[in-house]
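First the structure, then my questions, so here it is.
The values are calculated or read from the model by the stated rules, or taken from the named source; none is laboratory data. Just so it is clear, the model here is predicted, and its values are computed rather than measured. Here the Cβ positions follow ideal geometry from the backbone for every residue, glycine too, while neighbour counts run over all protein chains shown.
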Amino acid sequence: MEAATTTAGTRAAPTLGAARRRWGESLIKALLILAALISVLTTTGIVIALLRETIDFFSEVGVWEFLSGGKWTPLFEPGSFGVRPLVVGTFLVTGIALLVAAPLGLGAAIYLSEYAKPRVRKTIKPILELLAGVPTIVFGYFALTFFTPNVLQDLLHLKVDLFNALAAGIIMGFMILPTIASVAEDAMSAVPQSLREGAYGLGASKLQVSVRVVFPAALSGIVAAVVLGVSRAVGETMIVLLAAGAVANNSLNPSEPHQSLAAFIGATAGGDTPTGSIEYKTIFAVGMLLFVITLIMNLISIRFVRKYRQVYE
Amino acid sequence: MNAQAQPIETAAPSRRAKDTAFRVALMACLGLSILLLGVLLYDVIKDGAGSLDWHFISSFTSISADKAGAQAAIWGTIWLMGICAVFIVPVGVATAIYLEEYADNDRWYNRLIEVNIQNLAAVPSVVYGILGLAFLVRGPLALGNTVLAGGLTLGLLVLPVVIISGREAIRAVPPSIREGSMALGATQWQTIWRQVLPASIPGIATGVILALSRAIGETAPLIVVGAATVIAFNPEGLDSQFTALPIQIFDWINRASNDVNNYKPLAAAAILLLMIMLMLMNSIAIWLRNRYEQKW
Amino acid sequence: MERVTEPQEIRTPREVVPPTPDVAAAPERKPREAIFGLEDVQVSYGPKPAVRGVSFDIGKNEITALIGPSGCGKSTLIRCLNRMNDLIPGARVEGKVRYHGQDLYGSEVDAVEVRKRIGMVFQKPNPFPKSIYDNIAFGPRVLGMKGSMDEIVERALKQGALWDEVKDRLKTNAFGMSGGQQQRLCIARCLAVNPDVILMDEPCSALDPISTGKIEDLMMELKQEYSIVIVTHNMQQAARVSNKTAFFTVELDDEEHRSGRVVEFDDTEKIFTNPGDPRTEAYVTGKVG
């Protein structure tokens with residue numbers, strides 16, 4: 001019953017070598033590798049772009065002056081290039097954000113992981129995702145036009161300037177809250193049920209199980225969540241740019257305007273900064289500092305995530 | 001004294017109170033978050049709904065606030081999303097295919113690519129703007145402050161999202177499908193192109209929409225890359241100067257500090273528009289996922 | 001909704017009638033035409049071998065069964081015959097696997113070409129998430145077979161004893177079929193590319209007895225045109241359908257590493273009624289599992 005219409009897959013056994021050496025497959029593989037290299041090129045590009053101008057920058061401004069100086073007026077003639085106020089501003093806002101996001105985020109995570117019924121989880125998680133999807137400029141708008149005047153000044157009667165770090169920090173906290181909540185919740189859900197059951201079997205209450213069993217067991221994931229949240233807060237531009245003003249400020253008073261590293265870049269780079277000017281170079285130098293800080297935080301966070309994944313998966 | 005002989009007592013009232021208080025506190029955490037979201041949405045709608053009309057959508061920005069509209073910003077955003085999509089889909093999907101189907105994980109360079117993508121996902125968006133400024137706007141490519149440079153910068157920013165969700169979608173296709181295909185005499189690429197990819201398209205599409213949802217709201221990179229704030233025309237080509245909704249919002253908020261009554265409603269209306277576009281995109285993503293999800 | 005065309009039988013091991021009469025009573029009779037010649041084949045996934053010492057021939061238009069306890073390398077070995085082990089990183093094949101006299105692992109051999117001629121059916125039915133028609137047509141399409149696709153599909157489904165059941169719903173999704181039908185679909189899919197050999201890796205272990213029976217009947221029909229190698233942990237199945245049987249066993253070496261080895265290879269009737277090796281006897285009489 002020979003099939004006269006077929007030519008391939010014949011049942012006799014002629015040579016088993018390929019008709020053509022399958023160069024098409026090799027070509028496709030090469031194209032795919034090229035695409036994958038784009039991501040490598042991106043990182044390389046970021047590093048080169050930042051490094052080049054930063055080195056150039058340090059030929060005009062001393063490294064020590066940059067890192068330790070307390071006055072940041074780079075656009076003045078002559079300028080001061082101490083980056084400390086920007087760092088202070090960044091971490092002041094981040095710190096306030098953490099005060100909001102850590103308890104609320106972890107609380108939400110514990111609730112979702114240990115207390116909420118499946119139906120409640122299904123409704124709440126999309127809402128958190130909604131919060132996570134709000135563009136940061138909308139948060140900035142809200143902080144500046146609603147939160148400062150209506151909540152801080154009118155409702156709470158706090159003496160804050162229109163541009164202040166407190167509003168930026170609090171709203172920033174709500175922005176990073178979903179990140180902390182979802183990573184922490186992942187970590188807590190990964191804790192094996194048998195650990196909980198062991199504790200319940202000994203007569204522990206849900207509160208005790210959550211706080212004394214699950215939380216410590218998920219600790220590395222929780223730390224990862226917080227570090228990730230902090231990293232996002234440090235790198236965030238628009239909320240600070242809109243709500244905290246554009247004044248580099250060394251003080252730790254949250255009711256005053258502050259400027260963060262990222263906000264400085266956003267305020268200064270406007271598309272018409274001349275290449276090679278000192279202005280141009282400060283953008284890159286500050287960008288370099290920002291990049292390094294967030295990179296370190298991110299590597300720490302990945303370490304912690306790996307730790308908790310290893311233990312349970 | 002035999003513990004079994006004693007009746008089981010209910011928990012001491014102080015412990016019950018503690019448990020309940022804890023539970024309420026946890027719910028309050030969630031409640032506060034939801035409350036803030038609610039107040040934010042309410043505030044934006046209150047400020048902007050009145051100004052969001054046909055005139056707003058069809059007019060260009062102008063010196064006089066009551067004539068100003070967001071047309072250039074809307075079209076700029078659409079152009080940016082288009083360029084972004086054209087970039088991230090082939091590059092992102094190709095990278096995902098390479099990492100899932102071809103790369104041997106024992107090799108150091110493949111692990112490097114993986115770690116690299118993870119790190120890129122966490123780089124601040126403003127740094128991507130700097131990258132765009134140095135290499136796309138100026139530097140080797142010297143595209144200028146064009147919509148092409150803006151779109152590519154956003155593309156690089158959200159590329160990791162496409163890669164990561166693409167990998168998940170591809171990984172979800174069971175190995176037995178690949179085995180069945182290869183056992184028939186199909187080559188690796190034939191198997192990927194005709195079996196694996198078609199089965200992963202819903203997941204990949206969801207990932208692309210997720211990526212675009214992020215890109216559409218990004219302001220900082222566009223500022224650094226030189227999006228214009230006062231522009232009275234829609235993009236006419238890849239080399240056009242451009243603006244975008246987030247940039248327009250930013251500009252109007254800045255003007256509102258001097259002239260609240262005229263500019264705050266404009267900013268709010270543009271925000272509303274942005275959020276509506278976002279909602280639309282997310283609904284499409286959810287619909288796609290529910291309709292086409294493959295259950296193995 | 002399978003039509004059962006015969007009353008349910010309880011299948012018991014029946015005496016296997018040797019396919020060709022006039023058997024010379026030599027203990028190991030070489031078949032007249034060998035499709036595969038295996039010489040001291042050994043497969044390793046890491047430093048230690050998974051199966052070794054495999055030397056026998058597989059005959060044309062016969063059903064050869066590989067039996068033995070789990071973990072003895074039967075599946076590993078059968079996957080050598082169509083180079084599916086190539087897909088596992090770190091897999092190594094030593095010894096010689098000859099296919100129609102040609103070294104299957106020779107440097108000029110393309111594994112894709114090998115698989116066009118040597119098809120495989122897997123333990124768990126794995127239809128593609130496509131229509132029945134597209135499942136069958138996939139192979140011919142990627143292989144560039146000429147001719148009317150409708151005819152090719154119909155012929156494959158008829159050969160696979162599935163045509164009557166599905167001819168009215170060719171465009172429906174294959175996942176809607178029962179397990180037994182899906183496996184016959186996989187067999188038909190295999191047949192559509194006109195192979196030389198069909199390898200079956202425990203094809204019925206996930207199926208109910210009725211479907212198993214249908215597939216066994218199908219195998220007996222198919223062997224007139226194709227050569228079949230089947231791995232099965234069901235001894236009675238091997239006794240029912242196969243002409244030749246290879247019995248594998250598991251060995252433990254000094255470092256507690258398990259590897260498989262072929263103990264005996266002979267006509268099926270002899271393996272089951274008068275095995276040469278005590279280990280074979282222990283297995284086929286059920287003394288060990």
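For region A:212-291, give me every one of the helices (runs of 4 or more DSSP H) that falls completely inside it and has 2 or more residues that are surrounded by 20 or more Cβ atoms within 10 Å (Cβ to Cβ), under 15 Å from the mean Cα position of the chain (by Cα) and not hydrophobic (A, V, I, L, M, F, W, C).
Per the criteria, A:219-235.
Tell me which residues, restricted to region B:49-77, are loosely packed, with under 12 Cβ neighbours inside 10 Å, among the hydroxyl-bearing types (Ser, Thr, Tyr) and modelled with pLDDT under 85.
Listed by number, the list holds a single entry, B:Ser64.
Quick one: which helices (runs of 4 or more DSSP H) lie wholly within region B:23-135 and hold at least 1 residues that are of a type in the set (A, V, I, L, M) and more than 30 Å from A:Ile171 (Cα to Cα)?
Hits in region B:23-135: B:71-97, B:108-120.
Within region A:127-145, which residues are surrounded by fewer than 24 Cβ atoms within 10 Å (Cβ to Cβ) and more than 9 Å from chain B (Cβ to nearest Cβ)?
Matches in region A:127-145: A:Ala132 only.
Let's see how each residue does on (1) touching a residue at least 24 places away in the same chain (Cβ under 8 Å); (2) more than 10 Å from chain B (Cβ to nearest Cβ):
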{"residue": "A:Pro257", "(1), (2)": "yes, yes"}
{"residue": "A:Ile265", "(1), (2)": "yes, no"}
{"residue": "A:Gly270", "(1), (2)": "no, no"}
{"residue": "A:Thr275", "(1), (2)": "no, no"}
{"residue": "A:Glu279", "(1), (2)": "yes, yes"}
{"residue": "A:Val286", "(1), (2)": "yes, no"}
{"residue": "A:Phe291", "(1), (2)": "yes, no"}
{"residue": "A:Thr294", "(1), (2)": "yes, no"}
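Looking at region C:216-247 only, could you name the residues that are farther than 19 Å from C:Thr273 by Cβ, away from chain A (no Cβ under 14 Å) and in contact (Cβ under 8 Å) with a residue 60 or more places away in the chain?
Scanning region C:216-247 gives C:Met219, C:Met220, C:Val229, C:Ile230, C:Val231, C:His233.
Against the condition surrounded by 15 or more Cβ atoms within 10 Å (Cβ to Cβ), within 20 Å of the chain's Cα centre (by Cα) and more than 25 Å from C:Cys204 (Cβ to Cβ), how does C:Lys96 come out, does it pass?
yes
What pairs come out if I take residues in region B:274-287 that are under 19 Å from B:Glu218 (Cβ atoms) and pair them with residues that are among the acidic types (Asp, Glu) and surrounded by fewer than 19 Cβ atoms within 10 Å (Cβ to Cβ) whose C-beta lies under 9 Å away, six or more apart or interchain?
B:Asn282/A:Glu129
Among the residues of region C:243-262, count how many are farther than 19 Å from C:Arg79 by Cα and of a type in the set (S, T, N, Q).
Going through region C:243-262 one residue at a time, the tally reaches 1.
Any residue in region C:124-137 that is within 11 Å of chain A (Cβ to nearest Cβ) and buried (at least 23 other Cβ atoms within 10 Å of the Cβ)?
No, every residue in region C:124-137 fails to be within 11 Å of chain A (Cβ to nearest Cβ) and buried (at least 23 other Cβ atoms within 10 Å of the Cβ).
Let me ask another. Residues that are under 21 Å from the mean Cα position of the chain (by Cα) and either within 13 Å of chain A (Cβ to nearest Cβ) or at pLDDT 95 or above (or both): does region B:249-258 have at least one?
yes
Pick from C:Gly160, C:Gly179: which is under 29 Å from C:Tyr283 (Cβ atoms) and more than 12 Å from every other protein chain (Cβ to nearest Cβ)?
Result: C:Gly179 is the single residue among C:Gly160, C:Gly179 that is under 29 Å from C:Tyr283 (Cβ atoms) and more than 12 Å from every other protein chain (Cβ to nearest Cβ).
Continuing with the same structure: Please verify whether A:Lys29 is of a type in the set (Lys, Arg), in contact with a helix residue (DSSP H, G or I) (Cβ under 8 Å, 6 or more places away or on another chain) and without any contact (Cβ under 8 Å) to a residue 12 or more places away in the chain, treating the condition exactly as stated.
yes
On the basis of being modelled with pLDDT of 90 or more, within 17 Å of A:Phe139 (Cα to Cα) and within 12 Å of another protein chain (Cβ to nearest Cβ), does B:Thr243 make the cut?
Considered against the rule, which asks whether it is modelled with pLDDT of 90 or more, within 17 Å of A:Phe139 (Cα to Cα) and within 12 Å of another protein chain (Cβ to nearest Cβ), B:Thr243 comes out as no.
If you scan region A:190-238, which residues turn out to be among the polar types (S, T, N, Q), more than 14 Å from chain B (Cβ to nearest Cβ) and touching a residue at least 24 places away in the same chain (Cβ under 8 Å)?
A:Ser220
What pairs can you find where one residue is in region B:20-48 and within 7 Å of chain A (Cβ to nearest Cβ) and buried (at least 17 other Cβ atoms within 10 Å of the Cβ), the other is part of a helix (DSSP H, G or I) and of a type in the set (Asp, Glu), and their Cβ atoms are less than 7 Å apart, with a gap of 6+ or different chains?
Qualifying pairs under 7 Å: none.
Would you confirm whether any residue within region B:274-284 is part of a helix (DSSP H, G or I), touching an Asp or Glu at 6+ places or on another chain (Cβ under 9 Å) and modelled with pLDDT of 85 or more?
yes
For region A:177-233, how many residues are closer than 30 Å to A:Thr90 by Cα and either in contact with a Lys or Arg (Cβ under 7 Å, 6 or more places away or on another chain) or aromatic (Phe, Trp, Tyr) (or both)?
Residues meeting the conditions: 3.
Quick check on A:Gly105: is it surrounded by fewer than 20 Cβ atoms within 10 Å (Cβ to Cβ), within 14 Å of chain B (Cβ to nearest Cβ) and modelled with pLDDT of 90 or more?
No, not satisfied.
Which pairs turn up if I take residues in region C:256-274 that are over 16 Å from C:Val54 (Cα atoms) and look for partners that are of a type in the set (A, V, I, L, M, F, W, C) with beta carbon separation below 6 Å, at least 6 apart in sequence or on another chain?
The qualifying pairs are C:Thr268/C:Val16; C:Glu269/C:Val16; C:Phe272/C:Ala239; C:Phe272/C:Val284.
Does B:Ile286 count as within 11 Å of chain A (Cβ to nearest Cβ) and either farther than 22 Å from A:Phe146 by Cβ or basic (Lys, Arg) (or both)?
yes
Going by what's in this entry, would C:Glu108 be described as part of a helix (DSSP H, G or I), surrounded by fewer than 21 Cβ atoms within 10 Å (Cβ to Cβ) and acidic (Asp, Glu)?
Considered against the rule, which asks whether it is part of a helix (DSSP H, G or I), surrounded by fewer than 21 Cβ atoms within 10 Å (Cβ to Cβ) and acidic (Asp, Glu), C:Glu108 comes out as no.
Continuing with the same structure: Looking at region B:205-219, which of its residues are touching a Leu at 6+ places or on another chain (Cβ under 8 Å), within 14 Å of chain A (Cβ to nearest Cβ) and part of a helix (DSSP H, G or I)?
Matches in region B:205-219: B:Thr206, B:Ile209, B:Ala211, B:Ser213, B:Arg214, B:Ala215, B:Ile216.
Can you name every residue in region B:248-273 that is of a type in the set (Gly, Ala, Ser), surrounded by fewer than 19 Cβ atoms within 10 Å (Cβ to Cβ) and in contact (Cβ under 8 Å) with a residue 60 or more places away in the chain?
Those that are of a type in the set (Gly, Ala, Ser), surrounded by fewer than 19 Cβ atoms within 10 Å (Cβ to Cβ) and in contact (Cβ under 8 Å) with a residue 60 or more places away in the chain: none in region B:248-273.
In region A:190-207, what residues are surrounded by 18 or more Cβ atoms within 10 Å (Cβ to Cβ) and closer than 18 Å to B:Met27 by Cα?
A:Leu207
Among the residues of region A:59-73, is any buried (at least 16 other Cβ atoms within 10 Å of the Cβ), away from chain B (no Cβ under 12 Å), part of a helix (DSSP H, G or I) and in contact with a strand residue (DSSP E or B) (Cβ under 8 Å, 6 or more places away or on another chain)?
Within region A:59-73, one or more residues are buried (at least 16 other Cβ atoms within 10 Å of the Cβ), away from chain B (no Cβ under 12 Å), part of a helix (DSSP H, G or I) and in contact with a strand residue (DSSP E or B) (Cβ under 8 Å, 6 or more places away or on another chain).
Which one of these is modelled with pLDDT under 90, of a type in the set (Asp, Glu) and surrounded by fewer than 21 Cβ atoms within 10 Å (Cβ to Cβ): C:Asp196, C:Asp254?
Of the residues listed, the single one that is modelled with pLDDT under 90, of a type in the set (Asp, Glu) and surrounded by fewer than 21 Cβ atoms within 10 Å (Cβ to Cβ) is C:Asp254.
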